[in-house]
């Protein structure tokens, strides 16, 4: 803000020059017209000069006072406006920062609080690489450079940030160019949209799970045997559910170990090194063994830290597994095995999704029960057919033998008649008459 309005100094100067010139011309002519004595004229000219100086000083004082008063009012209004603006910025619910010359030159307290820092100074002293993920950093820098060059770039976009404690938050950036301390700068409003983003991601996960349910139920309708059903279910879980890996295991009644019978996705050598048992050893305490023992779903939402995954952690993390779930294939107390799923995000399995996946496992188990019953039905049908065939053959043999006996009895009767002897089998004669 300038101290005086534009042109103020020029108006004072012009006023002094014009006013002084007019005063001198007017008073010199007036004195020359009425005073002829040189000495007296000199005295009056001196008084005239003093009078002009006094009068012009008074006018300048009044003019300055008027302008200073206006300036003070304007300055007070400006300071009040600046104070209100500062309060709005400092108390804003959104984080605010200004980037100039590739450096954050201003941040409000809310931004520091949003990222878990105790003060703005602590935040400003922290390198951006501490709170911007490595894959996001080059994208944000390119957008900033293009925006500063005046190129068209999105002004509103989502950015994933890292808080001081290492947790992740989802934010929405609203960016635009402003003048700041005489140079262009990038003003960015940062809004926390973590809850909204989590809701969106949860809906996406539930939709994926529903797609898995739909696809597997369609597969169940055409399944011919358990093995093809297992393989299709695992492949659908990977393709439609975006799981890193899926496998189905069954319990070996002899060794009491779990045998993988089907798998899909990024398997590596993970299944070769499973060696899951149902005993009290660490390899018997994982999600799969626990699900088989308890007959309930078991999830591990952070493979990197959960002690139950210690025997398999190294290989799991190498393959990108971050969360896992084991869902028993159970129908009417009969346990067929477990469906095991691995996700690439920690905290992937939430209550609603667990319920849907448990329903999925039940559908697979019902299909297995149906296939088993169908197998037994076909087996019984085959045995019945074989038995009927045997009865038919026996009937044919038996019926032929009885017919031959009747013929022989008739022949005996005919022979006795010729000899004039009484017939031996009168019942045959009655049956044939």
(request) Any chance you could give the angle, 0 to 90 degrees and rounded to 10, that helix 226-241 forms with the longest Cα principal axis of the chain? (result) 10
(request) Taking each pair of different alpha-carbon atoms in the range 247-298 once, compute 1/r for the pair, average those values, and report the inverse of that mean as the Kirkwood hydrodynamic radius in Å to one decimal. (result) 11.5
(message) With the cut-off at 1.5 for a/c, could you classify the range 191-297 from its C-alpha gyration tensor as rounded, prolate or oblate?
(response) oblate
(message) Sequence gap at least 6, Cα distance under 8 Å: using those rules, report the relative contact order of the chain to the nearest whole percent.
(response) 8
(request) Return the FRET efficiency for the residue pair residue 366, residue 156: r is the Cβ-Cβ distance, R0 is 56 Å, and the value is rounded to the nearest 0.05. (result) 0.70
(message) Show me the three semi-axes of the equivalent ellipsoid for the chain, from the C-alpha gyration tensor (sqrt of 5 times each eigenvalue), largest first, rounded to whole Å.
(response) 108, 26, 15
(request) Please tell me the relative contact order of the range 92-192 in percent, rounded to the nearest whole number, where contacts are Cα pairs under 8 Å and at least six residues apart. (result) 30
(request) Pull out the extension gain between residue 411 and residue 41, defined as 0.36 nm times the separation in residues minus the alpha carbon to alpha carbon distance; nm, one decimal. (result) 113.9 nm
(request) Sort 309, 245 so that the residue with the fewest other Cβ atoms within 10 Å of its own Cβ comes first and the one with the most comes last. (result) 309, 245
(message) Going by average Cβ density within 10 Å per residue, which order do the peptides 43-50, 171-178 take, highest to lowest?
(response) 171-178, 43-50
(message) For q values of 0.11, 0.16, 0.18, 0.19 Å⁻¹, compute log₁₀ I(q)/I(0) with the Debye formula on a Cα-only model of the range 92-192, without solvent.
(response) -0.30, -0.65, -0.84, -0.94
(request) Quote the FRET efficiency, to the nearest 0.05, computed for residue 310 versus residue 164 with a Förster distance R0 of 25 Å and r equal to the Cβ-Cβ distance. (result) 0.30
(message) If neighbour count is taken as other Cβ atoms inside 10 Å, put 370, 117 in order from fewest to most.
(response) 370, 117
(request) Compute the Cα gyration tensor for the range 198-376, then decide on rounded, prolate or oblate, letting a ≥ b ≥ c be the square roots of its eigenvalues: rounded whenever a/c is under 1.5, prolate when a/b is larger than b/c in the other cases, and oblate in all that remain. (result) oblate
(message) Quick check on packing: order 122-131, 358-367 by the mean number of other C-beta atoms within 10 Å, highest mean leading.
(response) 358-367, 122-131
(message) Suppose R0 equals 60 Å. What FRET efficiency, 1/(1 + (r/R0)^6) with r the Cβ-Cβ distance, do residue 67 and residue 204 give to the nearest 0.05?
(response) 0.40
(request) Report the residue, chosen from 54, 167, 324, that carries the largest GNM mean-square fluctuation when the chain is represented by alpha-carbon nodes joined by springs under 10 Å. (result) 54
(request) Using label points projected 7 Å from each Cα along Cα→Cβ, tell me how many nm separate residue 381 and residue 295, to one decimal. (result) 3.1
(message) Using only DSSP helix segments of four residues or longer, with each worth -39500 (n - 2.57), what per-residue ellipticity at 222 nm results for the chain after dividing by its residue count and rounding to 500?
(response) -19500 deg cm²/dmol
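Just so you know, all these numbers are worked out from the coordinates, no wet-lab data involved. Keep in mind it's a predicted model, so treat the numbers as computed, not measured. As a convention, Cβ positions derive from the backbone with ideal geometry for all residues, glycine included, and neighbour counts pool all protein chains shown.
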